[in-house]
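Working notes, structure below.
The values are calculated or read from the model by the stated rules, or taken from the named source; none is laboratory data. Just so you know, these numbers come straight off a predicted model, no measurement behind them. Here the Cβ positions follow ideal geometry from the backbone for every residue, glycine too, while neighbour counts run over all protein chains shown. Surface accessibility is based on the protein's heavy atoms, side chains included, excluding ligands, DNA and RNA. Shrake-Rupley method; radii C 1.70, N 1.55, O 1.52, S 1.80 Å.
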Amino acid sequence: MPVKAYDLTGRTAFVTGAASGIGRASAALLAEAGATVHCADRDTQGLHETTALIKESGGTAHPHLLDVSDRTQVAAAVTAAAGTSPTGALDIMAAVAGIMHSSPVMETSDEDLDRVLAVNFKGVLYACQEAARTMLAAGTPGSIVTMASGAIDTGGPGLFCYGVAKAAIVQLTKTLATEMGPHGIRVNAVAPGWIRTPMTTRHDESAQAHTESLMVRMTPLGRVGAPEDIAHAVLHLASDAAAFTTGQILRPNGGVAMPW
Ligand SMILES: NC(=O)c1ccc[n+]([C@@H]2O[C@H](COP(=O)([O-])OP(=O)(O)OC[C@H]3O[C@@H](n4cnc5c(N)ncnc54)[C@H](O)[C@@H]3O)[C@@H](O)[C@H]2O)c1
C-alpha cells in the first residue's frame, strides 16, 4: 500500500525545467504520486515529450512554454496554473530550470554573469515569488522546492557564475522559509551531486567516460546519479512526509560531500 504522506492526489504542482533531465523526472514522479503537474520550459519539443510521458502513464500534465528569466512569462503561467487548481493556488513549486556555465573568474564577462544569474537565480526567484503569491492569496499551505547544486559545498575552476547563482538560491531558500513559515508554506533546496543528464553529457564519449569514472571513484556509493534520484528528493520535500522540514538543504549526492 502506498505511504499516505507521499500521496499528492488533488494537489497542483508546477515544475520548471520540466523538458529534460531532473525537471522531467521530477514532473513524472509528482504526477505518479497523484499531482496535476504543470510543466514549464523553453524547449517546446522536450515539453511535449514530458507531458506525453506523463499522460501515457495515466497522469495529468499541462505544458507552459516560457523563459524562466522573464518575470512576466512566469507570472502568467503560474497564475494560469493556479486558476485550474481547486483552491486557486499552487500546492507545489519545483524550480528546477538551469543552465551550466564554466569560465575562470579572470575571463568571466559581465554578460556571462548576467546571463547565468538571470536564468539560474532570478528564474528561481520569480518561480518562488509567484508560487508563494498564489498560496498567500488563497490562504493555503504549500511546498516550494528549489534546485541548488553540490557546487555550494565546493569550489572548482570555472564554477564561479554557476556557484554564485546556486549559493544565492540557498540564501533565498532560507530567507523565504523564515518569512513563509508562519503561513504554512515550506521552502527547501535540493543540492544534487553529479547526475547524468543532458547538462552533464558531452559529445565526446571518451571524455564522458573519463568524467564518469572519476565521479564514481569519488563517490562512496560507487555510481553516478540518475535524474530519478533527485526526483525522489523533490517528491519527499514536496509531500507531507516533510511536513516539519523547512529552510533545509537536502543533498542527494552519493556521499561525495558531507558538510555539517
Ligand atoms: N545534472 C547535474 O549533475 C546537476 C547537479 C546539480 C544541480 N543540477 C541542477 O539541476 C537543474 C536541472 O539540471 P539538469 O541536469 O536536469 O539539466 P538539463 O539541461 O537536462 O535540464 C535543464 C532544463 O532547464 C531548461 N531551461 C534552461 N534555461 C531555461 C530558461 N531560461 N527558461 C526555461 N527553461 C529553461 C532547459 O530547456 C532544460 O529543459 C539545474 O538547475 C542544474 O543546475 C544539475
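Applying the condition of being assigned to a helix (DSSP H, G or I) and away from the ligand (no atom under 11 Å from the Cβ) to segment 213-232 and asking which residue is most open to solvent (accessible area, probe 1.4 Å) yields Arg217. Given the condition under 15 Å from the mean Cα position of the chain (by Cα) and closer than 20 Å to Thr146 by Cα, answer yes or no: does some residue in segment 210-226 qualify? Checking segment 210-226: at least one residue is under 15 Å from the mean Cα position of the chain (by Cα) and closer than 20 Å to Thr146 by Cα.
Counting only helices (runs of 4 or more DSSP H) that sit wholly inside segment 44-126, those with at least 1 residues that are within 20 Å of the chain's Cα centre (by Cα) and either modelled with pLDDT under 95 or more than 19 Å from Ala27 (Cβ to Cβ) (or both) are 71-83, 110-116.
Count of segment 28-59 residues, restricted to those that are closer than 12 Å to Phe14 by Cα and of a type outside the set (Asp, Glu), is 9.
Leu47 meets all of the listed conditions (1) farther than 23 Å from Leu237 by Cβ; (2) touching a residue at least 12 places away in the same chain (Cβ under 8 Å); (3) open to solvent by 20 Å² or more (accessible area, probe 1.4 Å) but one, namely (3). Annotation for segment 153-175: no member residue is in a helix (DSSP H, G or I), within 14 Å of the ligand (Cβ to nearest atom), open to solvent by 70 Å² or more (accessible area, probe 1.4 Å) and in contact (Cβ under 8 Å) with a residue 60 or more places away in the chain. Checked against the criterion of being touching a helix residue (DSSP H, G or I) at 6+ places or on another chain (Cβ under 8 Å) and under 17 Å from Ile92 (Cβ atoms), segment 189-199 has at least one qualifying residue. Scanning segment 183-196 for residues that are open to solvent by 30 Å² or more (accessible area, probe 1.4 Å) and assigned to a loop (DSSP other than H, G, I, E, B) returns Gly184, Trp194, Arg196.
The set of residues in segment 78-117 that are hydrophobic (A, V, I, L, M, F, W, C), within 13 Å of the ligand (Cβ to nearest atom) and either exposed (fewer than 15 other Cβ atoms within 10 Å of the Cβ) or more than 18 Å from Ser143 (Cα to Cα) (or both) comprises Ile99, Met100, Val116, Leu117. For segment 212-223, indicate whether the set of residues that are modelled with pLDDT of 95 or more and under 22 Å from Arg133 (Cα atoms) is non-empty. Scanning segment 212-223 turns up no residue that is modelled with pLDDT of 95 or more and under 22 Å from Arg133 (Cα atoms). For segment 118-135, a residue qualifies if it is in contact with a strand residue (DSSP E or B) (Cβ under 9 Å, 6 or more places away or on another chain), over 12 Å from Lys166 (Cα atoms) and open to solvent by 10 Å² or more (accessible area, probe 1.4 Å), and the qualifying residues are Tyr126, Glu130, Thr134.
All told, Pro252 falls short of being in contact (Cβ under 8 Å) with a residue 60 or more places away in the chain and away from the ligand (no atom under 12 Å from the Cβ).
Taken over segment 23-43, the residue count meeting the criterion of being outside any helix (DSSP H, G or I), within 15 Å of the ligand (Cβ to nearest atom) and open to solvent by less than 10 Å² (accessible area, probe 1.4 Å) is 4.
Out of the residues in segment 197-209 that are within 21 Å of Ile22 (Cα to Cα), part of a loop (DSSP other than H, G, I, E, B) and more than 7 Å from the ligand (Cβ to nearest atom), which is nearest to the chain's Cα centre (by Cα)?
My answer is Thr201.
The single residue among Ser20, Ser69 that is over 25 Å from Pro252 (Cβ atoms) and near the ligand (Cβ under 10 Å from one of its atoms) turns out to be Ser69.
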